[in-house]
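To keep things clear, I will list the structure first and then write my remarks on it.
Just so it is clear, none of the values below were taken in a lab; they were calculated from the coordinates. Not measured: the values here are computed from a predicted model. All Cβ positions, even for glycine, are placed from backbone atoms using ideal geometry, and neighbour counts span all protein chains on display.
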Amino acid sequence: MGFPEQVHYAWDAEHMTVRLIWHGAFIDAAKHWVDRGPGNQVPLGDHVMALPAGPPMAKLSSLDQSWPGGNPCETGYRFRGYSLDGAGIPTMRYEWSGVAVEETLTPIPNEPDSGLRRTLVIKSKEQLNDVWLRLALGKIEQVKGGYVWNGVRLVVEEGLAVVRRAGDQDELLVQLPAGVNAATVRVTLIW
């Protein structure tokens, strides 16, 4: 998805999450307009950042429990398509273990580079107990008002954020409120 604010992202329907963010030029899709469209298309811009693959959400009975691995499509995640709002901004939809998620990323004008606001609306017929969202994996530093991961400043606007050690890396997790059937998580990414 490309925006006039020169901030863009790639949402991965196999991993049910945003996987790349970048600034500047969008992409040159010409490779896919000829022959059989071999290979993957890479962003043309700069500040390209890869976000973690794997399941974006998990039920963790404690913070000592490991984040599940594997391909989300093979562990119960199902892509449910997307819709466009009046400005053409997509909302991605997926389901997992009775939990329905709608995710929208919108541009945030900023200097010197724009950022993205990531909004996830999560609904379930059962209460959302022990449900966590993983935002980042790697070296994470807590700073005033947020976190820094690989040069990306993350500000969790809604949701309880926790940094934990996972092997030789840190994980930035957001715990969904317990005992409710719906929650919203908003995170600002500036890089």
In nanometres, the difference between 0.36 nm per residue of separation and the alpha-carbon distance of residue 165 and residue 117 is 14.7 nm
Once amide hydrogens are built 1.01 Å from N within the peptide plane, the residues lying 5 or more places from residue 115 or on another chain with amide H under 5 Å from its amide H are 108, 110
Here, trypsin sites (Lys or Arg not before Pro) of segment 83-191 satisfying both criteria (DSSP loop; at most 16 other Cβ within 10 Å) are 125, 139, 144
So the FRET efficiency between residue 143 and residue 83, C-beta based with R0 = 41 Å and rounded to 0.05, is 0.70
Per its Cα gyration tensor (rounded if a/c is under 1.5, else prolate when a/b beats b/c, else oblate), the chain is best filed as prolate
Scoring only Lys, Arg, Asp and Glu (+1, +1, -1, -1) among other residues with Cβ under 15 Å from the Cβ of residue 73 yields 0
Residues whose built amide H sits under 5 Å from the amide H of residue 129, excluding neighbours closer than 5 in sequence, are 179
